[in-house]
1. I'm told PHE174 meets every condition in (1) more than 26 Å from LYS53 (Cα to Cα); (2) within 32 Å of the chain's Cα centre (by Cα); (3) not assigned by TED's automatic domain parsing to the domain that holds PRO15 except one. Can you identify the failing condition by its number?
2. Quick one: SER32 ticks every box in (1) surrounded by fewer than 18 Cβ atoms within 10 Å (Cβ to Cβ); (2) at pLDDT 95 or above bar one, so which box is it?
3. Within region 340-377, can you find the residues that are out of contact with any Gly (no Cβ under 6 Å at 6 or more places or on another chain) and of a type in the set (A, V, I, L, M)?
4. Only one of LYS155, LYS131, LYS138 is basic (Lys, Arg) and within 15 Å of TYR210 (Cα to Cα); which?
5. Within region 194-205, identify whether any single residue is under 26 Å from the mean Cα position of the chain (by Cα), closer than 24 Å to LEU66 by Cβ and among the basic types (Lys, Arg), and answer yes or no.
6. Since LYS53 meets every condition but one in (1) modelled with pLDDT of 95 or more; (2) closer than 29 Å to ALA245 by Cα, which condition does it not meet?
7. Can you name the residue in region 383-402 that is surrounded by fewer than 16 Cβ atoms within 10 Å (Cβ to Cβ) and in contact (Cβ under 8 Å) with a residue 12 or more places away in the chain and is also nearest to VAL337 (Cα to Cα) among such residues?
Amino acid sequence: MPDKRKSKIRTRFAPSPTGDLHIGGLRTALYSYALAKHSGGDFILRIEDTDQKREIKGSKEKILELLETFGLKWDEYYVQSERVKTGIYQDAALSLVKRGYAFYCQCPPRNPKTESSGKVLRDPCRDLNLKTGAIKLKVPENKIVSFNDFVLNKKISWNTSSVADTTLLKSDGFPTYHLAVVVDDYLMEVSHVLRGHDWLPSTPIHLLVYEYLGYKMPAIGHLTDILDPEGGKLSKRKGSVSCEALLNDGYLPEALLNFVMLLGWAPKDNRELFTLSDFVSVFDPDGFQKNNPIFNRDKLDWFNGEYIRQLSDKDLASRIVSLFRDKYELDEILKVVPLVKERIKTLREFETLAGFFFERPGVDVSLLGNNYKEHLSTCLEIIKSVPWNLTSLNEALMNKIKEKSFKTGDFFMDLRLAITGKRITPPINESIIILGRDETLKRISALL
């Protein structure tokens, strides 16, 4: 097989279908995509589903859907469970046994976290010369293994005396991550591997497997950890940082992607707003940062607000209709969008700010001013008779406020509460025109 790594960058995103796509997973996919596409290379999507017990139904399809939503289109697509049938993992494992680099083990399966953590280093089966069972890597004693991390920009080394014998092929014929990732990266001619910092402890195992199989190793880089504002690493268990949850919260895919771009990478000119194509064109691995970024929700809100205001009214209205699953009619939303476009930070806030247009609100009378009955009676008279346009309504209300020496702020707050039930809303006179004369009169009358 020709080795494309000499002339072409090939990267991969290799998620497991065991739950929601986390914001950190999106970042890994994005950086891998940009690294390949910046130089006209290939981006591979590989579903790592060999741990069938942990697979969650529908996760695989959701990963594909979300990557398409974010515009991260792959050039090649693979599913490891389907590749198991070809025998490539078993052949690699048997090759290692034959050459004395691996052994059969018949011990009861251990917790993979315990096995790889170094708590149990040497397996009792490694010198028994068994002929069946799971296949484990025979880790040598006191061997130094190392690699140059192209993200951290430094050499990292381990003494194998602290590395445990690790399962490569389970007794059911399925490979573990440690074998499958090496075999697939080699056979798919992956040139550069980007992965989360939490995978760094597994690297010495992979270095040994690469060496023992005689495979050329790709460049490997480990990304920083995204930190929670409250402290510690951002957890996949926090549903609010899954990509799907954030989209359901009303964040635009392009805004979320732009936010993620800068969680661990910085441009040379401190620019902040990037489309995906912009990002790919300027992407440089030298921009990877060494300090762990913090997931700043306020900054995400700022990005989202910027992108909302770049949308046409029709596009924004369509996205709101889609988010609320056709609860509203497009024509209705289009009327209201100009009033809220400059005010909302997420699509979800549309309903909070403008829901009163579509459902008559309850009004807490205790929030109204002492003169609310006089204010609202005056409004009622004007709205019954004024020509139904914004200019006429504005003039009539302001003239009456001046004539009766009302306090302008108090007057309009009472009117706002009567119509919307809230203190903070879109401009109230514009809202009244959209709401219509009949509905406006009904709401005011209800409080009188």
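The values are calculated or read from the model by the stated rules, or taken from the named source; none is laboratory data. Owing to the predicted nature of the structure, the values given are computational and were not obtained by experimental measurement. Neighbour counts are summed over all protein chains in view; Cβ atoms, including those assigned to glycine, are modelled from backbone coordinates with ideal geometry.
1. (1)
2. Single failed check for SER32: (1).
3. Matches in region 340-377: VAL340, ILE344, LEU353, ALA354, VAL365, LEU367, LEU368, LEU376.
4. LYS138
5. Taking region 194-205 and keeping what is under 26 Å from the mean Cα position of the chain (by Cα), we get 194-203.
After this cut, where a residue has to be closer than 24 Å to LEU66 by Cβ as well, the list is 194-199.
This time we only want the ones that are among the basic types (Lys, Arg), so: 195.
Among the residues of region 194-205, at least one is under 26 Å from the mean Cα position of the chain (by Cα), closer than 24 Å to LEU66 by Cβ and among the basic types (Lys, Arg), which makes the answer yes.
6. (1)
7. Taking the candidates together, the pick is LEU390.
Rundown of residues vs (1) outside the structural domain of ALA446 (by TED's automatic domain parsing); (2) exposed (fewer than 15 other Cβ atoms within 10 Å of the Cβ); (3) of a type outside the set (D, E, K, R); (4) modelled with pLDDT of 95 or more, yes/no style:
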position	(1), (2), (3), (4)
ILE333	yes, no, yes, yes
VAL336	yes, no, yes, yes
LEU339	yes, no, yes, yes
ARG343	yes, no, no, yes
ARG348	yes, no, no, yes
SER366	no, yes, yes, no
GLY369	no, no, yes, no
GLU374	no, yes, no, yes
